[in-house]
Each structure stands twice: as C-alpha cells, then as structure tokens.
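Could you have a look at this structure, given as structure tokens, before my questions?
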Amino acid sequence: MGVPKGRRRITVAVAALLALGAVAAVGYRVLAPAEVVTPARAALPPLVTPATGVVGRLPAAPLIVDGRLRVYAAQRQLYADRPADSRHRVTPFWSYRRWPARLDGVLVTGTTVVSRWSDGKVVALDGRTGEVAWRADGPAPGEVSAARRTGAAVVWDPRGIFVAPGPGERTTLVVSGGGELRGYALADGRELWRATGGADCRTDLGTSAAGQVLSVDACAGPATVEFRDAATGVVASRWRPPGAGPEFAVTPLGCLTPRSQCRGLRTSDGRGWLVGPGGPPLAAPALDADDIILSGEFAIGVTGGVLNGREARTGRERWRRGDLGEVRVIAVEPGRVHVLTPERDLITLDPRTGAQRSRFPLTVGEDGIGWTPGLAYAVDGYVAVERLRERARPEDDDQGWFLTSEPVVLAVT
C-alpha cells in the first residue's frame, strides 16, 4: 500500500527544507566571520647566540621576535615557528587566523606583534605565545594589495601602521587609512586620539624618533609637512622646505622599522633633512642622493665605486672602504650596515667606523650566485633577503619572479 500523494509531497518538502537547513548551517560555519587562536603549548626555546653565517633558506619572509621565534604572514593568517636559527621552516609554534578579512600589515615592537586587517581591525598578539593581547577598531586600509608568495611586503614593508616613543617609555601605535589617523596605547590598545579628513590631500609618512607623526598635508593650500605629537594627536608645527613648489613628496629616512622612528627626510627636489625633537628639519646635504642610507647619525653610500660614511649633519667624511668593490647596501639596523658584493658575499660593517664585523658568502646549497636581491630585513644581527631571478620583471608570476621555491635566505652576522 503506497503513501498518499499529498503526504509524499509534504515529506519531500520537509526533507528538502532540512537539507537546505543543513547546507545553510555548514555554509555559515565555513563562511561566517571567524577568529581562530591556536596559542603555543610548549615552552619558548632558550635564547642562544647562533654562529655567524648562513642559517638556511625559507619559503616565507620572517620577522624575528625576542631572538627566539620567527613570525610569518599568510593571506589570512599569522603564525610562528622556532627556534629563530632553524635551518628550515618547521611546524607552527602558534597561529592566529581571521576570516574573511585579509592581512594588510604586521609590525613587531619588543615582544608584541601588531597586525592590521582589511576590515580595519587591529589585533595585537603576545609574540611569545600567540595569545591575543588586545583588539581595536581602526581605519580601513582601503584596497589591500596582493602580496607575493613570501609575504615580505606585509611584514618587511607594511603601510599605514607605525610606532612612536612617548613620555615615560610609553609607546604609541599609529594607524592610517582613508584620510584618518588614530593613535593607540600599545600596552592595552586604548584609543588615545583620532584625526579625520584629508583622504585625497594628506599623505601619512610615518613617525620620527622624537615621537612625532609625519604627514604631508595639501588640503588647505600648498603641500606642508605636519609634525603631530604621537601621544596626543595635536599638530605641533608645520614646515615647508625653502624654495619648494606647490607640491612635493617626502621619503622618510633612517627609520628603526619601516617608516617608524625615522631620523631624516628626503624631499622630491633631491634634498635631505634631519628631523629632531624641536624646530624645523635641518638641511643635510650628505643625504641628498637617492641611494644614500641614513644609519643613526651617519650617511652611508657608494661614491665613485667607494663605500663611505659621512656625518649626516656636517657632511664630513668619517671613513671609506675602497677595498670592497661595487657593493650594494641592502639593510641597516642599529650598529650594523649590511652590504652585498657582486659575488654575493654579505659584509657587515660598523656604520660609525666602517670596520668589518663579518663577511661570508650569502649562498645556500647549489643555488649559486645568479640572483638579484629583492626586499631585505635586518634585526638583532639577523639578515633575511629575498632572492629574485636575474631577469625577473614586475609583471612575472611568482615562479618567474623568485629564484627558487625557498627564495628567502636567512643569515646571522
């Protein structure tokens, strides 16, 4: 005896609704906004002094935290491995993931890892454990550029996220986006101030070592550099280079981390300037050339095939190294200048004296020396460099852009 036709239709409809409900539930679980925190479940590795030389090669660009861990960025994830001098990338020590937001930038200060996301969220993690220290709403960064496979642009060259020193050793985190600036207490994420307006006429450059936020403002007249107190958000002074035209661009120099705690500026008319705690920037002709690097108080560059160091303030030459050949400065950090020779030797010098601290081939296995340096990073004596194919072009895909599947070489100087 069969089931009546009407009842069969009802049964089919109910089954369809249940199936749709199940699909919707699964879809929600997969697609709904989510945060997944996987903290460390083991002790930190001991702090050691690794041997000088090449450590190994990695598929992703690392940030060194506390001399013990390495932190990496993926499209929607931050994760760490250990120890810092491991030859290869290993199983994650901790991991933090958000969905569907994309990671826009990462900055490390002390043991705090600050991440900025495409939806404007700012999340600070304890870099030693991966646990969330605080979360805050921030200005959205706008369109998030697609990073290449190593993630180097996200961790070594983040945009719109800076730190600045403040009174009482309190550090301010500054986040910029969509014409808006916000300042936060790095310790707990409290919003300290915000400044709005200027999406199309203000360019936020970074912060100075003296605790100022630097911006170029052309909203109410000719372009002017604003110096804003990072702790309060109050504009303390404005400055235009003598003889500047109605528009100009500015590049920060001598920054401790990308665009943070910078000591100098270079304006688009080719003039260099030193930024201090008070008063207008001071002219520093030693910084005028585009390829000059500011390391502390010293201007480092190659002139006529000779690497030299000059006092940035006076231009007086302090040292020269004509024995190194046509080297290229790839990274600087406090007390170290890292240069690369055509033979791919990595040489580390003291920026004050030019004295050599270390020298060794920046080569791994059978990879050879037929590569070009890409983005580079240096902290606490560690140096990491992207290796690009010699004929790589910006329009190439990652396979045509990078030398190998593990294009990042990590070394200790």
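The values are calculated or read from the model by the stated rules, or taken from the named source; none is laboratory data. Since this is a predicted model, take the numbers as computed values, not measurements. Using ideal geometry, Cβ is built from the backbone for each residue, glycine included, and neighbour counts are taken over all protein chains shown. Accessible surface areas use protein heavy atoms only, side chains included; no ligands, DNA or RNA. Shrake-Rupley method; radii C 1.70, N 1.55, O 1.52, S 1.80 Å.
Which residues, counting only those in region 144-165, are crowded, with 21+ Cβ neighbours inside 10 Å and either part of a loop (DSSP other than H, G, I, E, B) or hydroxyl-bearing (Ser, Thr, Tyr) (or both)?
Result: Thr150, Gly151, Trp156, Pro158, Gly160.
Going by the conditions given, is Arg194 open to solvent by 40 Å² or more (accessible area, probe 1.4 Å), at pLDDT 95 or above and in contact with a Leu (Cβ under 8 Å, 6 or more places away or on another chain)?
Yes.
Could I ask something else about it? Does Ala236 satisfy the criteria of being open to solvent by 40 Å² or more (accessible area, probe 1.4 Å) and part of a strand (DSSP E or B)?
yes
Related question: Step by step: first the residues of region 87-118, then only those that are over 18 Å from Trp134 (Cβ atoms) and hydroxyl-bearing (Ser, Thr, Tyr), then the one that is surrounded by the fewest Cβ atoms within 10 Å (Cβ to Cβ). Which residue is that?
Thr91
Which one is surrounded by the fewest Cβ atoms within 10 Å (Cβ to Cβ) among residues in region 39-74 that are among the β-branched types (Val, Ile, Thr) and part of a loop (DSSP other than H, G, I, E, B)?
Applying the filter and picking the extreme gives Thr49.
While we're looking at this one, here's another question. So which of Thr314, Thr267 ends up being farther than 24 Å from Leu186 by Cβ, touching a Phe, Trp or Tyr at 6+ places or on another chain (Cβ under 8 Å) and of a type outside the set (Lys, Arg)?
That would be Thr267, the only listed residue that is farther than 24 Å from Leu186 by Cβ, touching a Phe, Trp or Tyr at 6+ places or on another chain (Cβ under 8 Å) and of a type outside the set (Lys, Arg).
How about region 377-404: which of its residues are closer than 18 Å to Tyr72 by Cβ and of a type outside the set (Phe, Trp, Tyr)?
Across region 377-404, the qualifying residues are Ala378, Val379, Asp380, Val383, Ala384, Val385, Glu386, Arg387, Asp398, Thr404.
Is it true that Val213 is assigned to a strand (DSSP E or B), over 16 Å from Gly177 (Cβ atoms) and not polar (S, T, N, Q)?
no
Additional query: Which residue, of Gly179, Gly168, is open to solvent by less than 20 Å² (accessible area, probe 1.4 Å) and either at positive phi or at pLDDT below 95 (or both)?
None of the other options fit; the residue is Gly179.
Limited to region 255-297, what total is found for residues that are under 19 Å from the mean Cα position of the chain (by Cα) and open to solvent by less than 20 Å² (accessible area, probe 1.4 Å)?
The qualifying residues number 6.
Give the residues of region 209-225 that are touching a residue at least 24 places away in the same chain (Cβ under 8 Å) and within 27 Å of the chain's Cα centre (by Cα), sorted by residue number.
Scanning region 209-225 gives Ala209, Ala210, Gly211, Gln212, Val213, Leu214, Ser215, Val216, Ala218, Ala223, Val225.
Are any residues in region 309-355 farther than 30 Å from Asp367 by Cα, modelled with pLDDT of 95 or more, outside any strand (DSSP E or B) and of a type in the set (Lys, Arg), and if so, which ones?
The answer is Arg316, Arg352.
Exactly one of these conditions fails for Gly130: (1) touching a residue at least 60 places away in the same chain (Cβ under 8 Å); (2) within 17 Å of Ala231 (Cβ to Cβ). Give me its number.
Every listed condition holds for Gly130 apart from (2).
Looking only at region 360-393, how many residues end up being out of contact with any helix residue (DSSP H, G or I) (no Cβ under 8 Å at 6 or more places or on another chain), more than 21 Å from Arg87 (Cβ to Cβ) and open to solvent by 60 Å² or more (accessible area, probe 1.4 Å)?
2
Considering only region 167-185, state which residues are farther than 17 Å from Val123 by Cβ and more than 19 Å from the chain's Cα centre (by Cα).
Of everything in region 167-185, those that are farther than 17 Å from Val123 by Cβ and more than 19 Å from the chain's Cα centre (by Cα) turn out to be Pro167, Gly168, Glu169, Arg170, Gly178, Gly179, Glu180.
Scan region 166-192 for residues that are in a loop (DSSP other than H, G, I, E, B), in contact (Cβ under 8 Å) with a residue 40 or more places away in the chain and either aliphatic (A, V, I, L, M) or out of contact with any strand residue (DSSP E or B) (no Cβ under 9 Å at 6 or more places or on another chain) (or both) and jot them down.
Passing the criteria: only Leu186.
When you go through (1) open to solvent by 10 Å² or more (accessible area, probe 1.4 Å); (2) closer than 19 Å to Gln261 by Cα one by one for Pro141, which number turns out not to apply?
Here Pro141 clears every test but (2).
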